[in-house]
């Protein structure tokens, strides 16, 4: 890294140069390791050192099992630009946000940021269930970096935006999850940062809430502030972002005008599942997706049933886990968004592997011919996204000559719905006298 | 020296400070200035801990008093009455309570400090702030409990007709500061280790118990001969308890050499703890 930095161009809000972040597996720092493991590792390293001394060769330390969550990522974001960050699960999107919000430190490269960074990935961060709404506004505000005087000034606005006036002196443990979420969001939204980072995956909640998030985001963008928007929703990225950045396995593959990047991203193998390494775990809660398999099985009259078998791996019993499902065209247009609030697909997970099957009978009688992708996610108590798997499965619907015209209904030409529209002539014709 | 920090000197509007993000390696500066910038967060975390502690329990703030008082009663019965441990001619209840008062503050500070990063792991994983703030707030948050328990001591002294020395105006705050420094130093070491190795939480109760018996809480230090009695000051809590007894109960004389030794130990613990904590800082968000 350079010892001195050239002044940051005043039009640039974020500058990242060669950012890299690695995670070691079985190395010096690991998750929840115990002293015994470390001491064992120390002994092993000593033994290895002794052996290599015996060999008379000074060998470089063994290459540890290193995963680069980000590597060589360089880009700049102009002031006032709204940049979409896309890529499949594990591509490094969240790591990038974590580095830019200084939650974690990079191992390579550097980034420079102009102004205060706020993020909507920490909705309700710092909230304590025993404290009242009023107390939590101050606590959460302080955690997010607001001054007390600033919170005082914005207090009424925060309460009003959240719509919790009547419950402001009630402990938040009595709040409905919706109220809790709204209050948390309201605090975060009133931080008024120069740069706003939004991670849609983490900010689940009901559709109305998501709309609110997106609305706030476009407000912020409209005020000429800089926004980084991580999302799986290509429609939203297309609508909101001037440009997009595509990450894949920690590397920046493409950055440029939104439409171009999205097209390239979606064209990149709806079929390719090599990037998905099951199980995809949420280590905090000890739950994840162990496997996802899609089959189209023949049904009556030449139709096919969609069967999606799903294995959820739980390290402990977890009650009320919701299963979310979204169907998109391969161009990213939403066909169906079925969250657990709508479907009530909520299950208590037992320790071990929990198997589920999602079934949609005669799906090729519902959808137009073309390629589709399916996103799946698990949520808990309507608040936390536990795991989200983007493009969990690809679905190819063969053409159906619904109207006997010799032509197929095509998703891109005619829309995604196979609408069994009929026309009937009413006889006899009425002749005008 | 690399680390997070605001690159000053680049001309920018105050709200447009440029933050430089780069790898953190090796020994890092403490960045006390940044902690000062975040003093309001420190205040709110202390306030939260106190509020939650008293809100969640049935008896609320009275626990701060009940805990040392019950311990004092138990000690008086078993150590004072049954085991007949000497107390330098002072009634055993007030003898043990003057020791228990700073000891309870120290032990709670140590345990809360050790647990602080794990307790606030959600914050550490989601928001940036100086990581020193959780352990510092956890240790400082024990002060209100101390002052409440102190009221009991005042009542007991009136009951036993004991009057403190004038010097106690200086000595008590000095001893309390010494206890705070020691708890903070050890708390920082343990907080960092606890984030990385979960074994630490099993060690803390043993450590506290062992440490209490290495401190003259239930027995007088006059049981030891010189020079061991001065060397005993390597444990800063010895000077804290002795200082409390001396200035409140006029028992024995202040031993400046012992106090100096304790102060040095406490300073070493605090400084090494703070630097070790900073050194491990890049790993917390990933290890928690």
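The values are calculated or read from the model by the stated rules, or taken from the named source; none is laboratory data. As the structure is a computational prediction, the values presented were derived from the model and not from experiment. All Cβ positions, even for glycine, are placed from backbone atoms using ideal geometry, and neighbour counts span all protein chains on display.
Summary table below
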| quantity | calculated |
| --- | --- |
| Test: residue in region B:175-190 that is in a loop (DSSP other than H, G, I, E, B) and within 14 Å of another protein chain (Cβ to nearest Cβ) | no |
| Residue count for region A:414-433, restricted to those that are within 22 Å of residue A:330 (Cα to Cα) and at pLDDT below 80 | 0 |
| Tally of residues being within 14 Å of chain A (Cβ to nearest Cβ) and without any contact (Cβ under 8 Å) to a residue 60 or more places away in the chain across region B:260-288 | 1 |
| Some residue of region A:382-401 being without any contact (Cβ under 8 Å) to a residue 24 or more places away in the chain and either assigned by TED's automatic domain parsing to the domain that holds residue A:303 or in contact with a helix residue (DSSP H, G or I) (Cβ under 7 Å, 6 or more places away or on another chain) (or both) | yes |
| Verdict on residue A:100 being at pLDDT 90 or above, crowded, with 22+ Cβ neighbours inside 10 Å and within 26 Å of residue A:234 (Cα to Cα) | yes |
| Residues of region A:173-199 that turn out to be in a loop (DSSP other than H, G, I, E, B), more than 19 Å from residue A:135 (Cβ to Cβ) and touching a strand residue (DSSP E or B) at 6+ places or on another chain (Cβ under 6 Å), as a count | 1 |
| Where residue A:225 falls short, out of the listed (1) within 12 Å of another protein chain (Cβ to nearest Cβ); (2) under 20 Å from the mean Cα position of the chain (by Cα) | (2) |
| Qualifying positions in region A:143-171 - buried (at least 21 other Cβ atoms within 10 Å of the Cβ), within 12 Å of chain B (Cβ to nearest Cβ) and at pLDDT 90 or above | A:151 |
| Residue match in region A:63-82 (condition: modelled with pLDDT under 60 and over 30 Å from residue A:330 (Cβ atoms)) | yes |
| Matching option when the condition is modelled with pLDDT under 90 and part of a helix (DSSP H, G or I), among B:252, B:239, B:247 | B:247 |
| Those residues of region B:117-147 which are within 14 Å of chain A (Cβ to nearest Cβ), in contact with a helix residue (DSSP H, G or I) (Cβ under 6 Å, 6 or more places away or on another chain) and under 18 Å from residue B:54 (Cβ atoms), in sequence order | B:137, B:141 |
| Selection within region A:113-130 - over 21 Å from the mean Cα position of the chain (by Cα), within 7 Å of chain B (Cβ to nearest Cβ) and buried (at least 22 other Cβ atoms within 10 Å of the Cβ) | A:113, A:114, A:126 |
| Residue within region B:221-233 that is within 21 Å of the chain's Cα centre (by Cα) and either assigned to a helix (DSSP H, G or I) or at pLDDT 90 or above (or both) present | yes |
| Selection within region B:66-100 - surrounded by fewer than 17 Cβ atoms within 10 Å (Cβ to Cβ), modelled with pLDDT under 85 and in contact with a helix residue (DSSP H, G or I) (Cβ under 7 Å, 6 or more places away or on another chain) | B:88 |
| Qualifying residue in region B:21-40 (condition: at pLDDT below 65, surrounded by 17 or more Cβ atoms within 10 Å (Cβ to Cβ) and either closer than 30 Å to residue A:129 by Cβ or at the interface with another protein chain (Cβ under 10 Å from one of its Cβ atoms) (or both)) | no |
| Strands (runs of 3 or more DSSP E) enclosed by region A:270-386 - at least 2 residues per element that are under 28 Å from residue A:179 (Cβ atoms) and over 18 Å from the mean Cα position of the chain (by Cα) | A:318-329, A:346-349 |
